[in-house]
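Okay, so here's the structure we're looking at.
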Amino acid sequence: MASPAGVVDARFAALHAALARGGVGLQITGHMFVEGRGRYDPVQGGIHSDETVGPLQQATEAVHRAGGRIFCQLGHSGSQSVIPDEQPLSPSDVANVMHGRSVKAATVGEIERTLACYHDAAGRAARAGFDGIHIHGANGYLISQFRSPVTNMRDDEWGGDAVRRERFPIEVIRAVRAAIPSNMPITMKVGLRDITDHPQALTREQSIAGIRRLITTGLDGVEVSSNLMSDYVSGSIRSYVAVNRKRAYADLLYHRLLYSHGNEEAYFLADARELRAHTDLPIILVGGMRRADTMAGIVESGVADFISMARPFIRQPDLARRLLSGQQAIADCVSCNICLNYDGKDWLRCWRTPRARLLEHAFRRVAGVFKQ
Ligand SMILES: Cc1cc2nc3c(=O)[nH]c(=O)nc-3n(C[C@H](O)[C@H](O)[C@H](O)COP(=O)(O)O)c2cc1C
Ligand code: SF4
């Protein structure tokens with residue numbers, strides 16, 4: 001939904017307006033890259049230059065007209081970038097745990113320049129009319145790389161022990177805060193643990209001490225997810241959530257008929273519960289939220305204050321209204337992850353509806369558009 005220069009197009013405003021009309025109270029954009037070398041894939045939108053502001057403003061205005069609110073997610077992919085022509089940066093010259101890309105360790109000057117890019121991007125987001133900033137500090141991207149002992153091997157003021165590994169996200173929060181009005185909220189998606197079998201993987205206990213420092217630096221809310229991940233499907237974007245045999249049959253997932261139960265719903269709930277014991281700050285829970293009663297139970301329990309969904313809204317932009325009105329008890333999305341496989345290669349859509357798209361997908365697979 002963006003030009004080769006990273007400027008979002010009219011589909012971006014239309015998508016977010018549809019979600020607002022569909023009853024989503026607060027939306028968070030996909031991660032917008034804060035500088036060119038932080039871009040993840042070639043179709044991603046950015047907020048790295050002043051020319052991005054106008055089209056983003058059209059989106060915020062469309063959301064506000066529809067009665068919604070929208071935060072801008074600021075991102076930097078670090079060594080997780082899949083663009084071969086970019087020169088990404090990373091805390092250390094360590095192979096990316098997901099796809100093995102190694103990039104040069106950032107100099108102190110490059111780190112400071114990147115912080116300036118976060119600052120400038122946040123200022124643009126405020127000018128574009130966003131209601132808040134959501135910093136992407138999870139899922140293996142640059143902030144996760146600074147926070148993990150697996151990928152941060154530095155021994156200077158940006159790494160070397162648990163406190164110095166948290167310095168980069170702390171400085172990002174400070175840079176963002178300095179660029180926006182004092183009443184504009186800042187939230188952050190954080191990884192509570194590395195989901196890899198690396199012996200040095202960041203643990204929940206190590207991570208929570210760091211997140212507490214991030215919170216006191218000036219966050220207004222935290223979204224719970226994973227830090228480094230070996231791959232998206234075993235990490236933050238798990239498959240076949242809550243898909244029992246009946247749903248598998250109804251949605252043509254015949255290979256799932258072998259399984260009597262679907263995969264776990266609310267798969268970061270234990271992490272959120274652990275974090276809740278350490279903070280009263282609003283917690284946003286994402287990851288496999290599918291049934292209305294599961295979501296209501298989590299909010300009533302006090303573990304999370306906000307329920308966040310991604311894939312279910314790709315399939316049903318009006319899902320929030322349907323769940324809230326009782327018209328539907330469970331999201332239609334079956335977490336097949338076909339949309340994820342096309343991420344960066346085609347525009348965002350559900351490939352199971354209308355049904356003809358499944359056929360198109362099958363042709364493309366045969367033609368080798370992607371390897372699953
Ligand atoms: C196609 C696709 C793109 C995604 N892009 C982003 C992103 O830009 N920023 C982000 O924080 N999470 C992103 N995610 C992850 C989701 O925000 C969410 O954490 C994950 O899909 C689990 O939630 P769900 O079960 O509701 O889909 C993406 C997921 C998918 C499927
Ligand atoms: S393709 Fe459709 S059903 Fe499959 S995960 Fe994406 S939104 Fe859900």
### Query
Scanning for something more than 30 Å from Thr216 (Cα to Cα), in contact with a Ser or Thr (Cβ under 8 Å, 6 or more places away or on another chain) and either surrounded by fewer than 16 Cβ atoms within 10 Å (Cβ to Cβ) or at pLDDT 95 or above (or both), does the range 351-368 turn up at least one residue?
no
By residue number, the members of the range 326-347 that are surrounded by fewer than 16 Cβ atoms within 10 Å (Cβ to Cβ) and within 12 Å of ligand 2 (Cβ to nearest atom) are Asp346
(request) Report whether or not Val82 is under 24 Å from Met188 (Cβ atoms), modelled with pLDDT under 95, buried (at least 16 other Cβ atoms within 10 Å of the Cβ) and among the aliphatic types (A, V, I, L, M). (result) yes
Of the residues in the range 282-305 that are touching an Asp or Glu at 6+ places or on another chain (Cβ under 8 Å) and without any contact (Cβ under 8 Å) to a residue 60 or more places away in the chain, the one that is farthest from ligand 1 (Cβ to nearest atom) is Val299
Expected output for the range 306-324 (first residue within 21 Å of Val222 (Cβ to Cβ) and within 10 Å of ligand 1 (Cβ to nearest atom), partner charged (D, E, K, R) and not in a helix (DSSP H, G or I), Cβ below 7 Å, 6+ apart or cross-chain) is Ser308/Glu223
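Table: residues versus (1) away from ligand 2 (no atom under 16 Å from the Cβ); (2) in contact with a His (Cβ under 8 Å, 6 or more places away or on another chain).
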site	(1), (2)
Ser236	no, no
Asn244	no, yes
Arg276	yes, no
Leu324	yes, no
- Just to be sure, is Tyr259 touching a helix residue (DSSP H, G or I) at 6+ places or on another chain (Cβ under 8 Å) and surrounded by fewer than 17 Cβ atoms within 10 Å (Cβ to Cβ)? yes
Just to be sure, is Gly23 over 20 Å from the mean Cα position of the chain (by Cα), in a loop (DSSP other than H, G, I, E, B) and either under 24 Å from Phe313 (Cβ atoms) or touching a residue at least 60 places away in the same chain (Cβ under 8 Å) (or both)? yes
Is it true that some residue in the range 293-300 is in a helix (DSSP H, G or I), of a type in the set (S, T, N, Q) and under 27 Å from Tyr254 (Cβ atoms)? yes
For Tyr259, are the conditions met, namely being among the hydroxyl-bearing types (Ser, Thr, Tyr), at pLDDT below 95 and more than 16 Å from the chain's Cα centre (by Cα)? yes
Within the range 333-360, of all residues that are within 15 Å of His255 (Cβ to Cβ) and of a type outside the set (Gly, Ala, Ser), the one farthest from ligand 1 (Cβ to nearest atom) is Leu358
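Tally time: how many residues in the range 1-31 are farther than 15 Å from Glu61 by Cβ and out of contact with any His (no Cβ under 8 Å at 6 or more places or on another chain)?
14
The values are calculated or read from the model by the stated rules, or taken from the named source; none is laboratory data. Just so it is clear, the model here is predicted, and its values are computed rather than measured. Cβ sites come from the backbone with ideal geometry, for glycine too, and all protein chains shown count toward neighbours.
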